[in-house]
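Worksheet: the structure to be examined is printed underneath.
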Amino acid sequence: MAGTGVACSLVVGGCEGSKRGGRQQLKKYSNEHFYDDDGKFDAAAAKNAYYEMMRYYDYPIVPRLGSKDFWTVDFGLGKFTEVGMAGIFWVNNKEHNYFGHEIYLLGGQMIPEHWHVATAEGGAKLEAWQVRYGWVYIYGEGEATAGVEQRIPPTHKKYAVARREKKLNPGEVGILGSAEEKHWMLAGPDGAIVTEYATYHDGNGLRFSHPEISF
């Protein structure tokens, strides 16, 4: 399998890693693991953790995942194990208004609450998400789901508006209810890999509920 060879060269520590089937557990890291002594986010350490998760799920690590197209972010909050993600835009076509994105979340990580507004380059982005591996909760606006307060990460309890919750398992699809609806996502304990289908993505139309987020 071509992806396996790439993983050996990309991930620090070679091909040793967590596997399913009871042989090993997916490695968990403290938040400090992803920051240097000066508190700067260590993107390389973050990518290695995602490569480990990919191997755990036998997800093909194609060569493009070793390029600058594969990115990771802590949203400027310094709490990567709580608020962070990795992603790759497989395609983002402005002319024909379509977008394909893979989302990678470690166990318990969230994509912070946000919404998309229209810009001079395109309309307010519409999205749908299909879980490939692991599972996630997705959150949208509407009547709050019972018990949701217990699952909102501490950094977002003050700011999260979207409290209507739906769990997505592998193969299941969730759809954004409407343009400009606030939404966020939270991974299960072993992380998740999620394919996003959407209209054209213009980063200038991205808005976050948390006032201290930078992206």
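Based on DSSP H segments of at least four residues, each scored -39500 (n - 2.57), the chain has a per-residue ellipticity at 222 nm of -3500 deg cm²/dmol. Here the label points at residue 180 and residue 128, each 7 Å from Cα along the C-beta direction, are separated by 2.4 nm in the simple model. Distance between the modelled labels on residue 97 and residue 212, one decimal in nanometres: 3.9 nm (7 Å Cα→Cβ projection). Cα extents for region 126-192 along the principal axes, largest to smallest and rounded to whole angstrom: 30, 28, 19. Placing +1 on each Lys and Arg Cβ and -1 on each Asp and Glu Cβ, with no other charges, gives the chain a dipole about its Cα centre of roughly 540 debye. Computed extension length for residue 24-residue 43: 4.3 nm, one decimal, from 0.36 nm per residue of separation with the Cα-Cα distance subtracted. Protection proxy ranking of 97-106, 55-64, by the mean of other Cβ atoms within 10 Å over each peptide's residues and highest first, is 97-106, 55-64. Computed on region 2-208, with alpha-carbon pairs under 8 angstrom and 6+ residues apart, the relative contact order is 23 percent.
Projecting the Cα atoms of 97, 169, 46 onto the charge dipole of the chain (Cβ charges, centred on the Cα centre) puts 169 farthest toward the positive pole. Checked against a 29 Å cut-off, the cross-linked pairs 40/166; 125/157; 94/182 give Cα-Cα distances beyond that limit for 40/166. Within the same chain, aspartates and glutamates fewer than 8 places from residue 47 are excluded, and of the rest, those with a Cα less than 17 Å from its Cα are 16, 32, 36, 58, 69, 74, 82, 102, 190.
Ranking 108, 123, 77 by how far each Cα lies toward the positive end of the dipole of region 2-208 (charges on Cβ) leaves 108 at the top. Three principal axis extents of the chain based on alpha-carbon atoms, in descending order, are 44, 42, 38 Å.
Values quoted throughout were computed directly from the atomic coordinates according to the rules given, and no laboratory measurement underlies them. Owing to the predicted nature of the structure, the values given are computational and were not obtained by experimental measurement. All Cβ positions, even for glycine, are placed from backbone atoms using ideal geometry, and neighbour counts span all protein chains on display.
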